[in-house]
Amino acid sequence: MSKILVVRFSSLGDVVLTTPVYKNLKRALPDSQVFSAVKEAYAGVLEGNPSIDGILRLGKRESIFSFLSRVRAIKFDVLIDLHDNLRSNFISLFSGIPKKLKIQKNVFARRIFVQSKIRRPGLEIHNIERYVEAIRPLAPQAEILPPEVFPSDSSAKRLEILVVQTAFLGDAVLTTPILSALKNALPSCRVTLLCTPETRDVFTENKNMDEILVMDKKGKDRSIRSLWRWGQYLRGKYDMAILPHRSFRSALLTALAGIPKRVGFANSQGRMFLTDRVDFDWKMHDAERNLRLLEPLGIRGVTPSVKVNSSADWRALASAHELNENVPWVGMNPGSVWATKRWLPEGFASVADELIREMKGQVLLFGSEKDRPAVEAVTHAMKETPVNLCGKTDLKVLSALIARCRLFVTNDSGPMHLASAAQVPVVAIFGPTTRELGFFPYGPKSTVVELDMPCRPCSLHGGHKCPLNHFKCMRDVTPEMVLSACRNLLAKEAQA
């Protein structure tokens, strides 16, 4: 019976990515004893793994000589160095282990690429492939397998992950695929979400989280002193932070909390505080783009599942506003935080009137208190009578009502993402923003009405006025264009 030592001291994501190595070794050499050498802080992700017979934990303040002494005492037959740094090379050199294998890291090729952007062969190879390739002399049939983390007993430390999303409603909705992907790939991990009071209800019924923390960054938590207090509160509680929000404040918070692994986008305003930076691809939808933040954990190729659950009781509101459950509902969202994202009220009014006549249903106008002027402008321009629910719903009731709509017509906004998450057919009207920014409604039951203009997009989020003072991107969108998109979607639904 041979004894094999696999060395990968850190970091968290890299340790997780070594798990296919242990499984392949056990398959090829079932009678062998396989041990892992890892930093104590990351040993928790290997505990409970049936392919690992023992874990040698490198203590936080333990000297390399003390650790080497423990390695030599076990008398291993094979050492597999998957780290290839100064510490692992020292262990390998003085371990007295007769057979040694080592990962090929392509360090110089990476450095050349960073400095000169010259791409050398092999840079596109994932680390899992490098790890598996290192063990082929022992396991010639080794396969590229997904990483695994197994549930351990209650006394063992679970992987603690903090997801920070303190942006707008739509951004919050598009964060939900991260939560489900984490729980599916790492069922034993504990996921905490940090959000704002405005978006909390997006997550309250999400079963892929263990805890929700609420930061009122526009109110009581807006000061630097409060940010410091939050950092101290979070300190020592998490192994990893995932930051889909590209803000300076979010990244600084996780650094103040001392979270050892902080994963965010390379174009984040706080990228200097991140330990792992993931490329931000403008060509991808934001739901898909967010999932790339899980690649340092070896979670790849996941299809986004954008979902918001709500079991809120909406019937009292429906009764008060004479909502008829026996006719189709069309939801409309004429408002937006940004003025240039709002299609003309008379356009919404014309489409609403025609849909009421054609579908023999009701049009429900949604919005917050801030959207009241936009919604009232629509109602005043209509010939038919809509159901005005502006300012009457909280986020839970809004989600529940939208989910019951046959169709949702909207500006580029947070409710647009709620509707697509509920699999409701969505017609979205885009002006200053474009699909290429990645925030269009996700899924096959949606379409975007927009004009091909050289000045689009004029900004990332829209603005308070058109920079060229003509606002043609919205003024030239006609009710006929929006109605045509609505009819096409409804026809597809009828055929499905």
*Restricting attention to region 54-94, report how many residues are within 13 Å of VAL6 (Cα to Cα), over 34 Å from the mean Cα position of the chain (by Cα) and either assigned to a loop (DSSP other than H, G, I, E, B) or of a type in the set (Lys, Arg) (or both).*
2
*Looking for whichever is modelled with pLDDT of 95 or more and under 29 Å from ARG200 (Cα atoms) here; the options are LEU364, LEU355, LEU395. Which one fits?*
LEU364
_Residue that is at negative phi and touching a strand residue (DSSP E or B) at 6+ places or on another chain (Cβ under 7 Å), where the choices are VAL337, VAL327_ = VAL327
*Given (1) farther than 21 Å from THR19 by Cα; (2) out of contact with any helix residue (DSSP H, G or I) (no Cβ under 7 Å at 6 or more places or on another chain); (3) not β-branched (Val, Ile, Thr), where does ASN85 come up short, assuming only one miss?*
(1)
*asked:* Any residue at all in region 258-266 that's loosely packed, with under 15 Cβ neighbours inside 10 Å, within 21 Å of the chain's Cα centre (by Cα) and either modelled with pLDDT under 85 or not in a helix (DSSP H, G or I) (or both)?
replied: yes
*For the subset of region 222-252 comprising residues that are farther than 25 Å from ARG292 by Cβ and touching a helix residue (DSSP H, G or I) at 6+ places or on another chain (Cβ under 7 Å), which member is surrounded by the fewest Cβ atoms within 10 Å (Cβ to Cβ)?*
TRP228
*asked:* Considering only residues that are basic (Lys, Arg) and over 26 Å from PRO467 (Cα atoms), which ones fall in region 417-449?
replied: LYS445
*Test SER413 against the stated conditions and say whether it is assigned by TED's automatic domain parsing to the domain that holds GLY443, crowded, with 22+ Cβ neighbours inside 10 Å and either within 20 Å of VAL477 (Cβ to Cβ) or without any contact (Cβ under 8 Å) to a residue 12 or more places away in the chain (or both).*
yes
_Residue within region 345-361 that is under 29 Å from the mean Cα position of the chain (by Cα) and among the acidic types (Asp, Glu) present_ = no
_Selected residue [polar (S, T, N, Q) and at pLDDT 85 or above] from THR303, THR340_ = THR340
*Out of (1) crowded, with 21+ Cβ neighbours inside 10 Å; (2) of a type in the set (Val, Ile, Thr); (3) within 25 Å of PHE439 (Cα to Cα), the odd one out for VAL214 is which?*
(1)
*asked:* If I go through region 366-387 residue by residue, how many of them are closer than 18 Å to GLU325 by Cβ and either buried (at least 19 other Cβ atoms within 10 Å of the Cβ) or touching a Leu at 6+ places or on another chain (Cβ under 9 Å) (or both)?
replied: 3
*For VAL15, indicate whether it is assigned to a helix (DSSP H, G or I), within 19 Å of PRO137 (Cβ to Cβ) and among the β-branched types (Val, Ile, Thr).*
no
*asked:* Restricting to region 1-12, give me the number of residues that are more than 21 Å from GLU295 (Cα to Cα) and in a loop (DSSP other than H, G, I, E, B).
replied: 2
*Within region 354-365, is even one residue touching a residue at least 40 places away in the same chain (Cβ under 8 Å), of a type outside the set (Gly, Ala, Ser) and under 29 Å from ASN469 (Cβ atoms)?*
no
*asked:* I'm trying to understand the selection: among the residues of region 436-471, which are polar (S, T, N, Q), in a loop (DSSP other than H, G, I, E, B) and within 17 Å of GLY170 (Cβ to Cβ)?
replied: SER459
*asked:* Just to verify a result, which residue in region 1-42, among those that are hydrophobic (A, V, I, L, M, F, W, C) and free of Cβ contacts under 8 Å to residues at least 60 places away in the same chain, is farthest from VAL78 (Cα to Cα)?
replied: VAL15
_Criterion: buried (at least 18 other Cβ atoms within 10 Å of the Cβ), out of contact with any His (no Cβ under 8 Å at 6 or more places or on another chain) and more than 25 Å from SER311 (Cβ to Cβ) - qualifying residue of CYS405, CYS466, CYS455_ = CYS466
*Odd one out for GLN423 among (1) out of contact with any Asp or Glu (no Cβ under 8 Å at 6 or more places or on another chain); (2) without any contact (Cβ under 8 Å) to a residue 60 or more places away in the chain; (3) at negative phi*: (3)
*Pull up region 334-356, narrow it to residues that are surrounded by 24 or more Cβ atoms within 10 Å (Cβ to Cβ) and aromatic (Phe, Trp, Tyr), then point me to the one that is nearest to VAL375 (Cα to Cα).*
PHE348
*Which one of LEU138, LEU145, LEU162 is surrounded by fewer than 20 Cβ atoms within 10 Å (Cβ to Cβ), in contact with a Lys or Arg (Cβ under 9 Å, 6 or more places away or on another chain), at pLDDT 90 or above and not acidic (Asp, Glu)?*
LEU138
*Do we have any residue at all in region 298-307 that's in contact with a strand residue (DSSP E or B) (Cβ under 6 Å, 6 or more places away or on another chain) and of a type outside the set (Lys, Arg)?*
no
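The values are calculated or read from the model by the stated rules, or taken from the named source; none is laboratory data. Model, not experiment: these values are computed from the prediction. Virtual Cβ from ideal backbone geometry, glycine too; neighbours counted across all protein chains shown.
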